[in-house]
Amino acid sequence: MRILAMIGALAIIIGIAAAAFFFGGFYSVAGTSEDPAIVTWALTRVRTASINRHADDRPPASVNEPASVQAGAKAFAAHGCANCHGAPGVNWAKFSEGLHPDPPDLKEVVGGLSPTQLFWVIKNGINMTGMPSFAQAGARDDEIWSIVAFLKKLPGVSEADYKAWTAQPAPSR
């Protein structure tokens, strides 16, 4: 019984200390401050669990078709995704260096995410990051799926292909 009382008292003390740390202003919310490892760990676990729980849309049959991949490259460029994530032959915009956490290099992360997970993230965004909801920004589901198609092929997309797919049509005379 005494051990349970000590565990309870310790839990209360830790709770009070955490509240004092966060609500007392000791935790810096500055974008230039690194988060404590426990905060990074917790936010990563919460993000992953949330995406896994909520990502349940089924990809359309056309998600692997070349036309969908090319349309996705064009939508990726048109929505400014390369500003934060870069693209083949396109550097990240300077302002993205100030985002915290850093926007991921999508070539490195898309292999570990299913099309359904990518769709959910693009459609809904991720809270407490710079990732906006593209659905709220006006992107249609079919357009988001085309971006997913492009992202799944991104690690193998050449600079020449990306430029060809995203080139503006020549003005008609």
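The values are calculated or read from the model by the stated rules, or taken from the named source; none is laboratory data. As the structure is a prediction and not an experimental result, all values here were calculated from the model. Note: ideal-geometry Cβ built from the backbone for every residue, glycine included; neighbour counts use all protein chains shown. Each accessible area value is taken on the protein alone, full model and side chains, heavy atoms only, with ligands, DNA and RNA left out. Shrake-Rupley method; radii C 1.70, N 1.55, O 1.52, S 1.80 Å.
Annotations
- Mean ellipticity per residue at 222 nm, deg cm²/dmol - from DSSP H runs of n ≥ 4 across the chain, formula -39500 (n - 2.57): -16500 deg cm²/dmol
- Cα gyration tensor, segment 77-140 - rounded (a/c under 1.5), prolate or oblate: rounded
- For the chain, the carbon plus sulfur part of the accessible surface works out to 61%, probe radius 1.4 Å.
- Over 15 Å [Cα-Cα, segment 59-102], rounded percent: 51
- Residue separation of residue 102 and residue 37 scaled by 0.36 nm, minus their Cα-Cα distance, works out to 21.9 nm of gained length.
- Local net charge near residue 130, Cβ-Cβ under 13 Å (Lys/Arg +1, Asp/Glu -1): -2
- Simple Cβ-charge dipole of the chain, Lys/Arg +1 and Asp/Glu -1, about Cα centre, in debye nearest 20: 180
- GNM remark for the chain: springs join alpha carbons under 10 Å apart, and the peak mean-square fluctuation among 36, 66, 104 falls on 36.
- Volume in Å³ per residue [convex hull over Cα atoms, computed for segment 1-64]: 171
- Inverse mean reciprocal Cα-Cα distance (Kirkwood Rh) of the chain, Å: 18.7
- Helix runs (DSSP H) in the chain reaching 30 Å along axis by Cα, Kyte-Doolittle at least 1.6: 2-23
- Per residue value of the accessible surface for the chain (all protein chains in place, 1.4 Å probe), Å²: 67
- In this label model, residue 64 and residue 167 are separated by 2.9 nm, measuring between points 7 Å along each Cα→Cβ vector.
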